[in-house]
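The values are calculated or read from the model by the stated rules, or taken from the named source; none is laboratory data. Just so we're clear, the structure is a prediction, and the values are computed from it rather than from any experiment. Reconstructed Cβ throughout: ideal geometry from the backbone, glycine too, with neighbour counts over all protein chains shown.
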Amino acid sequence: MKKKVVVNYNDGGKLIYRGYSDKDDYYFINNHKFSTGIVNITRQYYPLKDNQEVVIFGK
């Protein structure tokens, strides 16, 4: 299933991942490349208009 994951950082930066479910939610939380300064991480499955955005991590 295709999904969109958005990682928001405390400096206002944003990383958007669009792809398939080969990476689970903990990949974005635990990966050291993404972990510094994270404010929140949201996930939304495609089609975007039919699925709600869900917060999977937040400070």
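Descriptive notes on the structure:
- Pair list, Cβ under 6 Å, 6 or more apart: segment 13-36 residue under 10 Å from LYS3 (Cβ atoms) and modelled with pLDDT of 80 or more, other residue surrounded by 13 or more Cβ atoms within 10 Å (Cβ to Cβ) and not charged (D, E, K, R): TYR17/VAL5; ASP25/ILE56
- Considered as a group, the residues in segment 37-59 that are in contact with a Phe, Trp or Tyr (Cβ under 8 Å, 6 or more places away or on another chain) and within 14 Å of LYS14 (Cα to Cα) include one that is surrounded by the fewest Cβ atoms within 10 Å (Cβ to Cβ), and that residue is GLY37.
- Where MET1 falls short, out of the listed (1) without any contact (Cβ under 8 Å) to a residue 40 or more places away in the chain; (2) within 16 Å of ILE56 (Cβ to Cβ); (3) loosely packed, with under 10 Cβ neighbours inside 10 Å: (1)
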